[in-house]
Amino acid sequence: GIKCGGVLSAPLGNFSSPNFPGLYPYEMECTWLIVVAEGSSILLSFSYFELEYHDTCAYDYLQVYNGAARDQGNLLGTFCGHSPPPPFSSAWHVMAIVFHSDRHVAKHGFAAAYRKDACGGQLTGLSGEITSPRYPESYPNDAECRWRIGGAGGGPLTLVFTDFQVEGSQGCSFDYVAIFDGPTPGAPNLGRYCGSSWPPRIVSSAPRLLILFKSDFNIGGRGFKAHFYSAGECHEVFTTIKGNFSSPQYPNFYPNNLKCQWRIQLPPGYRIKVFFLDMELEGRSSLTGSCDYDHLAAFDGGTENGSLVGQWCGRDSLAPVTSRSNQLLLVLHTDRNTAKRGFSIAYVGVVPMNVSCTRTDFHIQIPVQSLAQLERSRIYLGNPSCAAQVVGGNFKIHTRFDTCGTESQKRNNTAVIISTLYVDFSVGNQEDIHQYELQCEPKRKEASVTLIAGPDPARLSQVENLLDAQQQEGEVTVSHDIKSQDTSDIVFISICILAGLLMVIAVVGLVLL
């Protein structure tokens, strides 16, 4: 007989914990689902809040979801104690609230109110979108909206306007959008904008922003549309030769309604190899078989206008991918429901080099501009005594097979010469040595070079073949006697010569007879 939860579909309304303002019962589990007209948003606020306190809200708690309940990607926050949750503005027309009490210690509970088509609110996602009231229709007169953004990520926030039309005036004294570098109007003012010119990209100094929109008693406009994202966990730029990153909150479930970007920019001539260490996204659509929901995409050239390298979803075990240029953009899209663990990725910049061989020598050439920060002694074959020389605009190494730690091996019953090229990027006590396996097949005078995982082979166990040679398979038999020519070749050649001589003798004998 206790009222607990339900579906709320009116344009505005109120609800509270069971028995409010009295003590709520023990062992309750109540869910309120607020559903308003599609295309609308919901503003949720609390006028009273008192639940049993715990550091992690493990006993009694209230959870607010930006969408369906129990989907961790939609969770806006879990609350308990005496501090009321902040006002929340939904990203779409559904919001869920879950109240839970255990078998001990009851309090007075909470009282909440909601209304649709709210103006302003608290936005705590790592990324999101805001629009003026009624956008793209004309905004109402005498409006005052405040969006407080932040609290989910630890990095600065970036705000980007994608449409803007607000009544213009000298000094923006009538209708305007003001942006503050903090949660209150007392924070430093980052700009006040009106008219039809889009405001510039704005980056906060702290993980919070306040956006204030005001309109006067007449003359409106289309309003504005903007999106925000938190730098660090959701948007990053990498310029180091190698690195790693993961989806927000990995290995916990990523949030819903995300668009995160990771851009890798390396020096000219480099290519970028990406290793998928772990991947679990929402699966493919059962109707189309495509990644229509949550997905990760990679674009060559550093922008979404570049060629698509690949698009992934689900729990596929993915092979590494390599860019065609020195820039790569990875974009994560998540929709409104069904979050998963996410992904963990590592990348390595592939140093541009030209490797060739003869029957007795390796020839290696690397543009100096690709490793401009390194001295020639940091680039060596086999051991530091075989360091590169600077010739013109290139680092060059020319060495015979019987030097510089070179060894003969058999792979797939083919005799090959193997050596290791080291490129030392270490700084101070931080070791960072990249290794490339050089392979030559002397008979064909064909060389290939393969990127070996550097100082952390457990994470980067895959390799990169720079000359697109086929992957070598089979057992590797190592010969400890290093020679410039493999003895098996000599034996084979001797047999051929002997057979030729015997054939000549036989022909001569037949002629004489």
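Values computed for the structure shown
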{"item": "In the stretch 4-37, the residues that are closer than 21 Å to A68 by Cβ and acidic (D, E)", "result": "E29"}
{"item": "All positions within the stretch 323-332 that are part of a loop (DSSP other than H, G, I, E, B) and buried (at least 18 other Cβ atoms within 10 Å of the Cβ)", "result": "S323, N326"}
{"item": "Some residue of the stretch 360-370 being surrounded by fewer than 18 Cβ atoms within 10 Å (Cβ to Cβ) and assigned to a loop (DSSP other than H, G, I, E, B)", "result": "yes"}
{"item": "Lone qualifier among D335, D316, D292, D278 - being among the charged types (D, E, K, R) and part of a strand (DSSP E or B)", "result": "D278"}
{"item": "Where G393 falls short, out of the listed (1) touching a residue at least 12 places away in the same chain (Cβ under 8 Å); (2) open to solvent by less than 40 Å² (accessible area, probe 1.4 Å); (3) under 28 Å from T240 (Cβ atoms)", "result": "(2)"}
{"item": "Residue check, T403 assigned by the TED database to the domain that holds Q435, without any contact (Cβ under 8 Å) to a residue 40 or more places away in the chain and loosely packed, with under 15 Cβ neighbours inside 10 Å", "result": "no"}
{"item": "Members of the stretch 118-137 that are of a type in the set (S, T, N, Q) and either open to solvent by 20 Å² or more (accessible area, probe 1.4 Å) or under 10 Å from S90 (Cα atoms) (or both)", "result": "Q122, T124, T131"}
{"item": "Given (1) open to solvent by 70 Å² or more (accessible area, probe 1.4 Å); (2) of a type in the set (F, W, Y); (3) not assigned by the TED database to the domain that holds G150, index of the condition F275 fails", "result": "(1)"}
{"item": "The stretch 421-441, residues that are assigned to a loop (DSSP other than H, G, I, E, B), open to solvent by less than 80 Å² (accessible area, probe 1.4 Å) and either within 17 Å of N354 (Cα to Cα) or acidic (D, E) (or both)", "result": "D432"}
{"item": "Considering residues of the stretch 169-201 that are of a type in the set (V, I, T) and open to solvent by less than 10 Å² (accessible area, probe 1.4 Å) only, the residue nearest to the chain's Cα centre (by Cα)", "result": "I179"}
{"item": "Count of the stretch 95-130 residues which are under 24 Å from S230 (Cα atoms) and either assigned to a strand (DSSP E or B) or free of Cβ contacts under 8 Å to residues at least 60 places away in the same chain (or both)", "result": "9"}
{"item": "Test: residue in the stretch 63-70 that is hydrophobic (A, V, I, L, M, F, W, C), under 31 Å from the mean Cα position of the chain (by Cα) and assigned to a loop (DSSP other than H, G, I, E, B)", "result": "yes"}
{"item": "Residue in the stretch 205-221 that is open to solvent by less than 20 Å² (accessible area, probe 1.4 Å), modelled with pLDDT of 90 or more, of a type in the set (S, T, Y) and over 28 Å from the mean Cα position of the chain (by Cα) present", "result": "yes"}
{"item": "Subset of the stretch 1-46 (residues that are under 24 Å from G120 (Cα atoms) and open to solvent by 70 Å² or more (accessible area, probe 1.4 Å))", "result": "V7, S9, P11, L12, N14, E38, G39"}
{"item": "Residue, most open to solvent (accessible area, probe 1.4 Å), within the stretch 75-117, restricted to residues that are aromatic (F, W, Y) and within 23 Å of A10 (Cβ to Cβ)", "result": "W92"}
{"item": "Odd one out for E50 among (1) touching an Asp or Glu at 6+ places or on another chain (Cβ under 7 Å); (2) of a type in the set (D, E, K, R); (3) surrounded by 14 or more Cβ atoms within 10 Å (Cβ to Cβ)", "result": "(1)"}
{"item": "Among the candidates P133, P85, residue that is in a loop (DSSP other than H, G, I, E, B), under 18 Å from S47 (Cα atoms) and under 36 Å from the mean Cα position of the chain (by Cα)", "result": "P85"}
{"item": "Count - residues of the stretch 131-168 that are of a type in the set (S, T, Y), touching a Gly at 6+ places or on another chain (Cβ under 8 Å) and farther than 13 Å from I211 by Cα", "result": "3"}
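Yes/no matrix, rows are residues, columns are (1) among the hydrophobic types (A, V, I, L, M, F, W, C); (2) more than 14 Å from I397 (Cβ to Cβ):
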| position | (1), (2) |
| --- | --- |
| T334 | no, yes |
| T338 | no, yes |
| I345 | yes, yes |
| P352 | no, yes |
| T360 | no, yes |
| I364 | yes, no |
| Q369 | no, yes |
| R376 | no, no |
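The values are calculated or read from the model by the stated rules, or taken from the named source; none is laboratory data. Being a predicted model, the structure only gives us computed values, none of them experimental. A quick note on method: Cβ atoms are made from the backbone with ideal geometry, for glycine too, and the neighbour counts reach across all protein chains shown. For the accessible areas, the whole protein counts, side chains as well, though only heavy atoms, and no ligand, DNA or RNA atoms are used. Shrake-Rupley method; radii C 1.70, N 1.55, O 1.52, S 1.80 Å.
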